[in-house]
């Protein structure tokens, strides 16, 4: 169980769920031209989860000092799992993920895609060891990587199968994935800032230069408030522009995405305590989950 907590198994399950939804709720039901059967998508999911698990492990290794201040009861590395074992797991997951990525890249006849796995693996290490301490850059990088966990399905499934005849259809589905990836990027970026506000004490002790440390907790909380308006207005615009004729979809987004985002916006305006920022972070995680689950609605959205 300690190792499962070390690799953040709940977060990994969410990644797997989203990739399965892209495959089986969006692409296959509408006969998009795709590359993978069930075994291929399973390998893609395993490779993604391996790299994500490796990233979570190296992040915990480098976060021991800050976690001892911010959440001493939840420190795993050095207490429940030795540092040596953690490093071994980090290397093992990385190697497995990259090797599977090499196989999949050649399977779809796009050997250049293998570079994605190498870049992602390297970025996860650089993020944990250096970028996380820098102002906003670390937040942006990790949010891009979260978005890539969605886009990578489209890259492997849709792009290699493009022909002159199916290009409009393939690009239509890829654009949908881009919209979801952008949503994931924005929500995760806001959540990262909320977590920085929550962890300001430990981060300050560790010499980090996060946004709350650079400009102060009060100003950073106002930035958080301003940023929450972006997905709120963005989702409302998306619903009004593309989904207004679909009452089921409109109701779903208003209840499970817009309403929680509105709550987060109101809450972030006056939030000031560690507990409040932790609560905001958790709500944003639910917003991310319900946003991704909306992929199940496309059978009602795309079929009149």
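I want to confirm something. Restricting to the range 191-245 and keeping residues that are free of Cβ contacts under 8 Å to residues at least 12 places away in the same chain and assigned to a loop (DSSP other than H, G, I, E, B), which single residue is farthest from the chain's Cα centre (by Cα)?
Out of the qualifying residues, it is 245.
Kindly indicate the residue of the range 24-40 that is more than 12 Å from residue 169 (Cα to Cα) and in contact (Cβ under 8 Å) with a residue 24 or more places away in the chain and also surrounded by the fewest Cβ atoms within 10 Å (Cβ to Cβ) among those meeting that condition. Walk me through how you get there before you give the answer.
In the first step, residues of the range 24-40 are kept if they are more than 12 Å from residue 169 (Cα to Cα); the result is 24-26, 28-29, 35-40.
In the following step, the residues that additionally are in contact (Cβ under 8 Å) with a residue 24 or more places away in the chain were identified as 25-26, 29, 35-36, 40.
On the way: 25: 19, 26: 22, 29: 13, 35: 18, 36: 20, 40: 18.
Restricting to residues being more than 12 Å from residue 169 (Cα to Cα) and in contact (Cβ under 8 Å) with a residue 24 or more places away in the chain, the top hit is 29.
Can you pull out every residue in the range 130-154 that is in a loop (DSSP other than H, G, I, E, B) and at pLDDT 95 or above? It would help to see each step written out before you state the result.
Within the range 130-154, the first condition is being in a loop (DSSP other than H, G, I, E, B), and the residues that meet it are 130, 134-136.
Hits for the range 130-154: nothing passes.
Taking the condition within 23 Å of residue 4 (Cβ to Cβ), buried (at least 16 other Cβ atoms within 10 Å of the Cβ) and at pLDDT 95 or above, does residue 114 pass? Write out each step before concluding.
Working: within 23 Å of residue 4 (Cβ to Cβ): no; buried (at least 16 other Cβ atoms within 10 Å of the Cβ): yes; at pLDDT 95 or above: yes.
In short, no.
Tell me the residue from 253, 233, 183 that is farther than 20 Å from residue 142 by Cα and in contact with a helix residue (DSSP H, G or I) (Cβ under 6 Å, 6 or more places away or on another chain), please.
The match here is 253.
The values are calculated or read from the model by the stated rules, or taken from the named source; none is laboratory data. Keep in mind the model is a prediction, meaning the values are calculated, not measured. FYI the Cβ positions are ideal-geometry reconstructions off the backbone, even for glycines, and counts take in every protein chain you see.
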